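Engineer: Next up is a structure, given as structure tokens.
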Amino acid sequence: MSTGSGADSAPAPTSTHESKTGGTFSSLKIRNYRLFATGAVISNTGTWMSRITQDWLVLSLTGSATAVGITTALQFLPMLLFGLYGGVIADRLPKRQILLVSQALLGLCGIALAVLTLSGVVEVWHVYLVAFLLGMVTVVDNPARQSFVSEMVGPAQLRNAVSLNSANFQSARLIGPAVAGVLITTVGSGWAFLLNGLSFLAPLIGLLMMRTSELHASVRVPRAKGQLREGLSYVRGRPELIWPIVLVGFVGTFGFNFPIWLTAFADGVFDGGAGMYSFFNILMAAGSLAGALLSARRRSTRLRMLVAAGTAFGLLEIAASLSPNVWLFSILLVPIGMLGLTTNITANTSVQMAADPEMRGRVMSLYMMVFAGGTPVGAPIVGWISDTYGARIGFAAGGAISVIAALGVGFALARVGGLRLKVDLRPGRPHVRFVQRKQLATAA
């Protein structure tokens, strides 16, 4: 497991682990991961049902889109404020036990909101409170769940398992909102919340059925002072960790504000309303699912792929912002979703593979803090740009920041790895590529 900061952290392979058993779904051959994935697809579907229902409930209680935004911000704010502490807890305690508690608490939050809604006493502050509590539980649940994957599958299958986790989440994203729409219109929001709460029984059962003897050994970190600072120092001194996290931070904060852009394009630019907004989300989810499955087929992790995907993702966002008609815009949403997930999965896997086991919880908490915790910061900025200068400018700005961040990280990694850009215009040669300094000296 690479932890150095020399040439092996350049855009060439940094943390490459070849899988002994190939195939898109190879991780599912491992019993413990199969139980985990089965429980996750059920609870993820419930989570997406709850997200849609929660927004609809707040809008029906207040008539305010701002109130919906406040609900989202409250759910992500704990990750921004306390995310690093969740990583410290994940490194200190057994991750399976953490998940048993956190998944049960997430289920109880859903049931509490269901009881309030079905009894007819729910008020908007109840929803705010539950959203904040969900965010607090996620602070610990997220790094524990991310780092527990390596304990289930080991390093050889880590990339595949991380990709399948994303495919799992995107599959639920396709199903959950549709089920929520049916439940809201037929039996009411409360039953959607209740089903979400009950859906967490599936991952709890899966965790309890796991064979602990088949888990890969984890490193428990004893309680000590300064572990938070130790984690930050650890990441700061390793380019193969800090630069993917920096890129994901910029892309997550400014390039992933699709609820703002897609609603603005559906309503204000193309005059399509809620039906078009739903159609846009389906296309994004389909592209994201394809990106996750394609990532699952790759057997190695290269930071050059991260830089290339991040750059292409931003360029496609700029192209979509300039689309003259709804059909071109719709077509571009599919590769945008695909490249967005490729960027996220490549960064996630690179960071997990490069981190030492005793540091993985803290490293992944920092990763999730900058990726998800940036939403309360980036969304108001991007929303203001879109309101002031138009949806097209807002979308283009998010894409431009993603491109600049990806190129900046690419050149930083090339510099650390002792690489230089070589241009060769001779026929049959790669025209533009990174090469080691020594090769350039020899060529000169």
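The values are calculated or read from the model by the stated rules, or taken from the named source; none is laboratory data. Only a predicted model underlies this, so the values are computations on that prediction, with no experimental measurement involved. Virtual Cβ from ideal backbone geometry, glycine too; neighbours counted across all protein chains shown. When the accessible area is computed, the model is the full protein with side chains, heavy atoms only, and any ligands, DNA or RNA have been set aside. Shrake-Rupley method; radii C 1.70, N 1.55, O 1.52, S 1.80 Å.
Engineer: Just to be sure before I move on: is LEU59 free of Cβ contacts under 8 Å to residues at least 12 places away in the same chain and either over 16 Å from PHE371 (Cβ atoms) or of a type in the set (Ser, Thr, Tyr) (or both) in the structure I sent?
Structural biologist: yes
Engineer: Here's a follow-up. Can you go through GLY135, GLY154, GLY190, GLY176 and tell me which one is at positive phi and either in contact (Cβ under 8 Å) with a residue 60 or more places away in the chain or buried (at least 23 other Cβ atoms within 10 Å of the Cβ) (or both)? Steps first, please.
Structural biologist: Values: GLY135 fails: at positive phi; GLY190 fails: at positive phi; GLY176 fails: at positive phi.
Going through GLY135, GLY154, GLY190, GLY176 in turn, just one is at positive phi and either in contact (Cβ under 8 Å) with a residue 60 or more places away in the chain or buried (at least 23 other Cβ atoms within 10 Å of the Cβ) (or both): GLY154.
Engineer: Looking at (1) surrounded by 22 or more Cβ atoms within 10 Å (Cβ to Cβ); (2) modelled with pLDDT of 80 or more; (3) over 20 Å from the mean Cα position of the chain (by Cα), which is the only condition PRO11 fails?
Structural biologist: (2)
Each row is one residue, and each column tells you yes or no for (1) open to solvent by 20 Å² or more (accessible area, probe 1.4 Å); (2) farther than 30 Å from GLN157 by Cβ.
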position: ASN325; (1), (2): yes, yes
position: LEU328; (1), (2): yes, yes
position: PRO335; (1), (2): yes, no
position: ASN344; (1), (2): yes, no
position: ALA355; (1), (2): no, no
position: GLU358; (1), (2): yes, no
position: VAL370; (1), (2): yes, no
position: GLY378; (1), (2): no, yes
position: TRP384; (1), (2): yes, yes
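Engineer: Here's another thing I want to ask about it. Of the residues ILE260, ILE242, only one is part of a helix (DSSP H, G or I), open to solvent by less than 70 Å² (accessible area, probe 1.4 Å), within 23 Å of GLY410 (Cβ to Cβ) and at pLDDT below 85; which?
Structural biologist: Just one listed residue meets the conditions, ILE242.
Engineer: For residues that are hydrophobic (A, V, I, L, M, F, W, C) and closer than 13 Å to ASN348 by Cβ, scanning just the range 288-303, find the one that is modelled with the highest pLDDT.
Structural biologist: Ranking the qualifying residues of the range 288-303, first place goes to ALA292.
Engineer: Is it the case that some residue within the range 306-320 is open to solvent by 10 Å² or more (accessible area, probe 1.4 Å), of a type outside the set (A, V, I, L, M, F, W, C) and either touching a Ser or Thr at 6+ places or on another chain (Cβ under 9 Å) or in the same structural domain as SER147 (by the TED database) (or both)?
Structural biologist: yes
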